[in-house]
1. Can you pull out every residue in segment 146-172 that is out of contact with any Leu (no Cβ under 9 Å at 6 or more places or on another chain), without any contact (Cβ under 8 Å) to a residue 40 or more places away in the chain and surrounded by fewer than 17 Cβ atoms within 10 Å (Cβ to Cβ)?
2. Picking from Val143, Val128, which residue would you name as being free of Cβ contacts under 8 Å to residues at least 60 places away in the same chain and either surrounded by fewer than 20 Cβ atoms within 10 Å (Cβ to Cβ) or of a type in the set (S, T, N, Q) (or both)?
3. Could you check Pro34 against (1) surrounded by 22 or more Cβ atoms within 10 Å (Cβ to Cβ); (2) outside any helix (DSSP H, G or I) and say which number it fails?
4. Within the group Val136, Val89, which residue is at pLDDT 90 or above, β-branched (Val, Ile, Thr) and closer than 25 Å to Ile169 by Cβ?
5. If you check Phe83 against the conditions, is it out of contact with any strand residue (DSSP E or B) (no Cβ under 6 Å at 6 or more places or on another chain), buried (at least 21 other Cβ atoms within 10 Å of the Cβ) and at pLDDT 85 or above?
6. Restricting to segment 1-20, give me the number of residues that are out of contact with any Phe, Trp or Tyr (no Cβ under 6 Å at 6 or more places or on another chain) and modelled with pLDDT of 85 or more.
7. Hey, could you check segment 280-302 for residues that are within 17 Å of Met102 (Cβ to Cβ) and not hydrophobic (A, V, I, L, M, F, W, C) and say which is modelled with the highest pLDDT?
8. Looking at Leu240, Leu267, Leu293, Leu217, which is the one that is closer than 26 Å to Asp152 by Cβ and either of a type outside the set (S, T, N, Q) or over 12 Å from the mean Cα position of the chain (by Cα) (or both)?
Amino acid sequence: MIAKIRPVIEGHFGLFLMAAFVLGLTVPGLKETPKIVILILQALIILFACSKIKLDDFKDFKPKEIAGFYILRFIALPVVMFFISAWTVPEYKYALLLLGLMPCGATLPAMMSIMGGNPALGLTATSVSGLLSPFVVFAMFAVFSTLELQLDLWGMFQTLFFVIFCPVIVYFGVLRRFEPLKLSMRSNASMMAIIFIFGVIMIVVAYQKDRFFTEPLFFFAALSVGAVAYFIYYALGWFLFAKRDLKTRISYALMGGNNNIALAISLAALYFPAREMFILVVWEILWIMGVTLFQLFIKYRAGQRGM
C-alpha cells in the first residue's frame, strides 16, 4: 500500500502542498492547534531526513565550493537583501532576513533526483546548512534586530537546537542501529517529509486565515516581494555556475531556492509578530510555485537541447 502511495505523493508534491494550504483556510478548529505541534512536525522532518544520509554521499564533498556558495547564499545575500528591503520595502526586511537564513529543505535530495541534479550534493547541503542554522540565525538577529523588533533570541536558538540537533542525536545514536527500521525510514523519507510539511502548512495557514480574506492587497504585495526573492535565490545558483555542466547548475539553483520555509514559518509563529508570520505563509505558495516552475524550466531546456 505504501509503495503505491509513495510515488503519487512524491510526484505531485506541489499539488499536495497546495491542498494543505486550502485545507488550512477551510477546515474549522485548526487554528486552535497548539504551536508545540509545529515543532514536533519539524523535528520529525529532520529525523526522517537523517535516514537518507550515508557516509558515501560525502566522498565527493568539495569543501571550498560548498563553503563559498553557503557564505554567499545563506549569509551575504540575506544581509544584502535586508539592507535593500530596509530602503525600499522596510515592512518586509525581517521576513526576508529570516527566509534567507533558512537552511536547505529536507526535500532537496528528492528534488535533485527528480530534476537531474546531484542528490548526494543535496544531502551534503541539507546537512551542513541545517547544522549551522541555529548559530547563524542567532548571530544574524542578534546583530540586526532592533527596538522595533525585540526577539527572544535565546528561545529561538533553543528551538532550532531542539528541532535540528535532537533528531540527529536520536537517529544516529539509537534508531540507525535497527536495520529494518533504518531501511524503512530511508525508503519513505521524502514521502514523510512532504506529509509533515503538509501538516505544518495546514496549521500555520489556519492561524492566519482571517487575514487572507480581510487584507487582499497585503497578500498580493507580499506575493510580489517574495516572488522577487525566490527568483534571486534560484538565479544565483543557476548563473553563478553558468560555465559548469547542467547537473551542477540544477543542483546549485535548487540549493539556492529549495530552502526550509516550513522552519521559517514555525519560527515566525513562535517568536515573530503576526505580520511576519502571515508574510511567510504567503511565501510558502511561492516556494511551491518556485519548485514547480523550475522543474518546468528544466524540462523546457531539455526539450530545446533535444531539438
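1. So in segment 146-172, the residues out of contact with any Leu (no Cβ under 9 Å at 6 or more places or on another chain) come out as 146-151, 153-154, 157-158, 161, 169, 172.
Those left that are additionally without any contact (Cβ under 8 Å) to a residue 40 or more places away in the chain: 146-148, 150, 153-154, 157-158, 161, 169.
Listed by number, the residues that qualify are Thr146, Leu147, Glu148, Gln150, Leu153, Trp154, Gln158, Phe161, Ile169.
2. On the way: Val128 fails: free of Cβ contacts under 8 Å to residues at least 60 places away in the same chain.
Exactly one residue qualifies, and that residue is Val143.
3. All conditions are met except number (1).
4. Working: Val89 fails: closer than 25 Å to Ile169 by Cβ.
The match here is Val136.
5. Working: out of contact with any strand residue (DSSP E or B) (no Cβ under 6 Å at 6 or more places or on another chain): yes; buried (at least 21 other Cβ atoms within 10 Å of the Cβ): no; at pLDDT 85 or above: yes.
No: the conditions fail for Phe83.
6. The qualifying residues number 1.
7. Out of the qualifying residues, it is Gly290.
8. Working: Leu240 fails: closer than 26 Å to Asp152 by Cβ; Leu293 fails: closer than 26 Å to Asp152 by Cβ; Leu217 fails: closer than 26 Å to Asp152 by Cβ.
Step by step, each of Leu240, Leu267, Leu293, Leu217 is checked, and only Leu267 is closer than 26 Å to Asp152 by Cβ and either of a type outside the set (S, T, N, Q) or over 12 Å from the mean Cα position of the chain (by Cα) (or both).
The values are calculated or read from the model by the stated rules, or taken from the named source; none is laboratory data. If you're wondering where the values come from, they're calculated on a predicted model, not measured in any experiment. Here the Cβ is made from the backbone with ideal geometry for all residues, glycine too, and neighbour counts use every protein chain on show.
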